[in-house]
Amino acid sequence: MPETLPIEKTSLRISTPYNHEPDWVKEVLEPFSPVISEVYLPVHVLVAHSGRPWRGPSRQDEYDGQVDDLAAALRDYDIPLNFVANDPISLPTRRVAVVNEFLRLDERYPGSIFTVADFETAVRVHEICPALDVQPSTLSRVNGPTAAWYWRQFAGSRGVTIDRSINRRPELIRAIRKLGLTIRMVVNDDCLPECPSTSSHIMDIQLADELGFSRGAQDALSACGQCRPAIDHLKRTHLWLVVQKDVLPFSLHHLEGLVDQVKITGRCASTDTIVDAIMRYGSMEKDYNSLYREPAEAWDRIAVCDRVCELCRWCIEHVEVLDSSQK
């Protein structure tokens, strides 16, 4: 890696995934610590689901051992852990389990952050332990200052992961910032904005994990996995679905003063894939991803468009769909 990544000279930092792989500390933490704001990972799958196929150890004690080692490594760099539970909780017993696990992890790893999709769970945690920092997931649909206010007021949240649908709505992000919250943005996931089937996707992955299916089976049985060719075709033929929420590396400079943390996905990915994502976003240069290339003027245009994308041809005419030979 270069001696200094360009992002280090900005106010932006990277929220980085942990993938339970033995080479993570050496390949990710040690070289990239100056640009890492936090390291996020799911709580153990026996407690709650994170919304992605489970990649960690099956036994809770093995999980604790891995996290003990990770926390010890992070202390040298003063980087906090962020535990994620995106379970769409429907049973009171599951909520109790998540609350108790957050309290246990907070005692074991002081100073950690906790990300949860379920608002009532966050409120309960705050009632029991006001000092614990519990924040909304992007699945919590924080898409404006009112939604963010609820989390700050009733869950004591000190930060938010904003809804993907406002990633390119600077006026809404600026309004949320007025509440004094840390703002985290997911810039490169595979999900679609305003997806009507998000909860079903998570439940399908959760069921696969609970039934003990292999990793390949988990991916195949998830709603996204079952229809991935169709989803890929949809993205290519309706590119505006992706363009309105993805932020390419060369556009990161627009986020300075708006966003504190750029969250890259990859807790199910290989270490090499995580390193590649950090390099791409840390370099702040590329005007393309695996799907499309975007002109510089797209940022200002998309920031103020009305999102009636089906009736507008601007993205179709100005954003270039790429095939594998162009990447």
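The values are calculated or read from the model by the stated rules, or taken from the named source; none is laboratory data. Here the structure is a predicted model, which means the values were calculated and not measured. For neighbour counting, all protein chains shown are included, and Cβ atoms are generated from backbone atoms with ideal geometry for every residue, glycine included.
Give me the pairs: first residue in segment 288-300 and within 17 Å of residue 241 (Cα to Cα), second residue part of a strand (DSSP E or B) and among the β-branched types (Val, Ile, Thr), beta-carbon distance under 6 Å, and six or more apart or on different chains, which are they?
Every condition considered, the pairs that remain are 292/321.
Among (1) of a type in the set (Val, Ile, Thr); (2) within 29 Å of residue 309 (Cα to Cα); (3) modelled with pLDDT under 95, which single condition is residue 186 missing?
Against the list (1) of a type in the set (Val, Ile, Thr); (2) within 29 Å of residue 309 (Cα to Cα); (3) modelled with pLDDT under 95, residue 186 comes up short only on (3).
Which one of 303, 269, 277 is outside any helix (DSSP H, G or I) and either of a type in the set (A, V, I, L, M) or touching a residue at least 12 places away in the same chain (Cβ under 8 Å) (or both)?
Selected residue: 269, the only one of 303, 269, 277 that is outside any helix (DSSP H, G or I) and either of a type in the set (A, V, I, L, M) or touching a residue at least 12 places away in the same chain (Cβ under 8 Å) (or both).
Which one is farthest from the chain's Cα centre (by Cα) among residues in segment 270-292 that are of a type in the set (S, T, N, Q) and closer than 13 Å to residue 250 by Cβ?
In this case the residue turns out to be 283.
Are any residues in segment 280-297 outside any loop (DSSP other than H, G, I, E, B) and touching an Asp or Glu at 6+ places or on another chain (Cβ under 9 Å), and if so, which ones?
282, 288, 292, 293
Look through segment 16-42, keep the residues that are in contact with a strand residue (DSSP E or B) (Cβ under 6 Å, 6 or more places away or on another chain) and among the hydroxyl-bearing types (Ser, Thr, Tyr), and return whichever of them is farthest from residue 54 (Cα to Cα).
37
Out of everything in segment 306-327 that is among the acidic types (Asp, Glu) and part of a helix (DSSP H, G or I), what residue ends up being nearest to residue 9 (Cα to Cα)?
Here is the first cut: in segment 306-327, the ones among the acidic types (Asp, Glu) are 306, 310, 317, 320, 323.
Adding the requirement that they be part of a helix (DSSP H, G or I) leaves 310, 317.
Working: 310: 39, 317: 34 Å.
Within segment 306-327, the match that is nearest to residue 9 (Cα to Cα) is 317.
Conditions (1) surrounded by fewer than 19 Cβ atoms within 10 Å (Cβ to Cβ); (2) modelled with pLDDT of 90 or more; (3) within 17 Å of the chain's Cα centre (by Cα), marked per residue:
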site	(1), (2), (3)
40	no, yes, yes
74	no, yes, no
88	yes, no, yes
94	yes, no, no
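Quick one: in segment 1-30, which of the residues that are assigned to a helix (DSSP H, G or I) and charged (D, E, K, R) is farthest from residue 62 (Cα to Cα)?
9
Name the pairs whose Cβ atoms lie under 9 Å apart, with the first residue in segment 11-36 and closer than 19 Å to residue 188 by Cα, the second among the β-branched types (Val, Ile, Thr) and assigned to a loop (DSSP other than H, G, I, E, B), and 6 or more positions between them or separate chains?
Every condition considered, the pairs that remain are 12/259; 14/264; 15/264; 16/79; 16/264; 17/264; 17/265; 36/79.
Against the definition (in a helix (DSSP H, G or I), out of contact with any strand residue (DSSP E or B) (no Cβ under 8 Å at 6 or more places or on another chain), hydrophobic (A, V, I, L, M, F, W, C) and modelled with pLDDT of 75 or more), how does residue 208 come out, yes or no?
No, not satisfied.
Within 16 Å of the chain's Cα centre (by Cα) and either modelled with pLDDT of 95 or more or surrounded by 14 or more Cβ atoms within 10 Å (Cβ to Cβ) (or both): is that true of residue 112 in this structure?
Answer is no for this residue.
Any chance segment 45-57 includes a residue that's closer than 25 Å to residue 158 by Cα, outside any loop (DSSP other than H, G, I, E, B) and within 20 Å of the chain's Cα centre (by Cα)?
The answer is no, given that none of the residues of segment 45-57 is closer than 25 Å to residue 158 by Cα, outside any loop (DSSP other than H, G, I, E, B) and within 20 Å of the chain's Cα centre (by Cα).
If you go through segment 129-151 one residue at a time, do you hit one that is out of contact with any Lys or Arg (no Cβ under 8 Å at 6 or more places or on another chain), over 30 Å from residue 238 (Cα atoms), β-branched (Val, Ile, Thr) and crowded, with 19+ Cβ neighbours inside 10 Å?
Yes, segment 129-151 contains at least one residue that is out of contact with any Lys or Arg (no Cβ under 8 Å at 6 or more places or on another chain), over 30 Å from residue 238 (Cα atoms), β-branched (Val, Ile, Thr) and crowded, with 19+ Cβ neighbours inside 10 Å.
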